[in-house]
Amino acid sequence: MSLAFPDLSALVADPHTTYARLREAGPVHRITGPDGLPVWIVTRYRDVRQLLADPRLSLDKTHRLPGNYRGFSLPASLDANLLNMDPPDHTRIRRLVTKAFTSGRVEQMRPGIQLLADQLLDAVADRGHADLVADFAAPLPITVICDLLGVPQHSRRDFRAWTDALVAPDPGNPDAAKHAVAAMLTYFPQLIADKRRTPGNDLLSDLIDVRDEGDRLTEDELTSLAFLILFAGYENTVQLIGTAVLALLDHPEQLAALRADPSKIEGAVEEFARFDGPALLAIRRFPVEDLEIGGVTIPAGETVMLSLAAANRDPDRFPAPDRLDVDRRDGGHLALGHGIHYCVGAPLARLETQIAVSTLLRRFPGLKPAVPREELRWRPSMRARGLVALPVRF
């Protein structure tokens, strides 16, 4: 017998209470999703970590049972990305991406990200108040990812509108997501053609040129990779910066500890990701054979969702999991994935969040929330965790 999917408004407002109840009730639950179709949700850390790396769970939608999964349909030239692939295609494309998207390239971006963070805070410093999402958490990563890809300045506002339309569609504008997809289908091939004619010192130019023993990315693979890098590289970092600052405002003793010792920032960012990361659920998966989890058999082809939010607050893995602790050293959170699908952009997300939070605390020592906690609004999504706005005073 299926459970009804948790009420979306309750899940958006307080996902951790909902997932704690599911985790305590059992390791896996068959739930009827908002679209009326069944989905299996796995809640406990040990199972989620194991399944994130289990080859018996496929990301390839051709393994789904007919009529079992609906999802958001993307054209082939945007769908041919790492979130929909298994080895060997996944292995080949990830190897090519990794050759271009190196840790050295990310580290070289540090001075530019620091300069940008200071410029964004300079723009609001004299006001004494700001919306940290609109004024800081959003423009910082969209600028960084556009610089990384080599996107011209005049296109950047469109990029932000496209990602917003896909992540949290406006119920009053049901066609916005379709229009965003159509716009990207026009824009990315043109951008790739421009880069092919006039290469620059950017990731997209490198991806066009990258080879591995003669292998190279196809046009569809290039287009879908540019889409994925924009979408994941921007959206996840916006949400992580926002929830990190909110977590510190909710825990003033932790804010004071981090401000007193800024060297704690690297460990603190890992704790922010564990405590309230940007993804509640990992990307859907489909068993290629019947799979037993916690004594429950999930038939091949059914839809499986791995709850990162539930796993990251599992008391069997993390002591006092509902407590934010910037000195926590037990590591191993799953907010950025695990196994072969571990987030390829994780080093950049970490660096941006470290710089954003540490710069904010250094520049604005009197940082305080500007509205009561219960008035904050969250993105209406069952998968993504992010604030619509974060008004503050300083």
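FYI, it's all coordinate maths here, none of it is from the lab. Nothing here was measured: the structure is a model prediction, and the numbers come from that model. Cβ coordinates were reconstructed from backbone atoms using ideal geometry, including for glycine residues, and neighbour counts include every protein chain displayed.
Multiply the residue gap between Thr297 and Ala53 by 0.36 nm, knock off their C-alpha separation, and tell me the result in nm, one decimal place.
Difference between extended and current length: 86.0 nm.
Take the Cα of Thr102, step 7 Å along the line toward its Cβ, and report every residue of the range 216-240 whose backbone nitrogen sits under 19 Å from that point.
Inside the label zone: 216-217.
Which order do the peptides 247-256, 367-376 take when ranked by the mean count of other beta-carbon atoms within 10 Å per residue, highest first?
Most protected by this proxy first, the peptides run 247-256, 367-376.
Could you tell me how far the Cα centroid of the range 128-164 sits from the Cα centroid of the range 252-292, in Å?
Taking the Cα centre of each part, the range 252-292 and the range 128-164 sit 23 Å apart.
As a footprinting exposure proxy, order Lys195, Lys61 by other Cβ within 10 Å, with the fewest listed first.
By the 10 Å Cβ count, ascending: Lys61, Lys195.
Tell me the relative contact order for the chain as a rounded percent, counting alpha carbon contacts under 8 Å between residues six or more apart.
Once divided by the residue count of the chain, the mean separation gives 28 percent.
How many nm separate the modelled label positions at Ala183 and Arg197, each set 7 Å beyond the Cα in the direction of the Cβ?
The answer from the label model is 2.3 nm.
Where Lys and Arg each count +1 and Asp and Glu each count -1, what net charge lies around Thr62 among other residues with Cβ under 14 Å from its Cβ?
0
Show me the helices of the chain, taken as full DSSP H stretches, that run 20 Å or more along their long axis by Cα and average -0.5 or above in Kyte-Doolittle hydropathy.
110-125, 176-197, 219-250, 346-363
Can you tell me the relative contact order of the range 93-197? Whole percent, Cα pairs under 8 Å, sequence separation 6 or more.
Here the relative contact order equals 15 percent.
Percent of Cα-Cα pairs more than 14 Å apart in the range 107-193, please.
It works out to 71 percent of all Cα pairs.
Taking other Cβ within 10 Å of each residue's Cβ, how do Tyr45, Tyr342 sort, fewest first?
In increasing order of surrounding Cβ atoms, one gets Tyr342, Tyr45.
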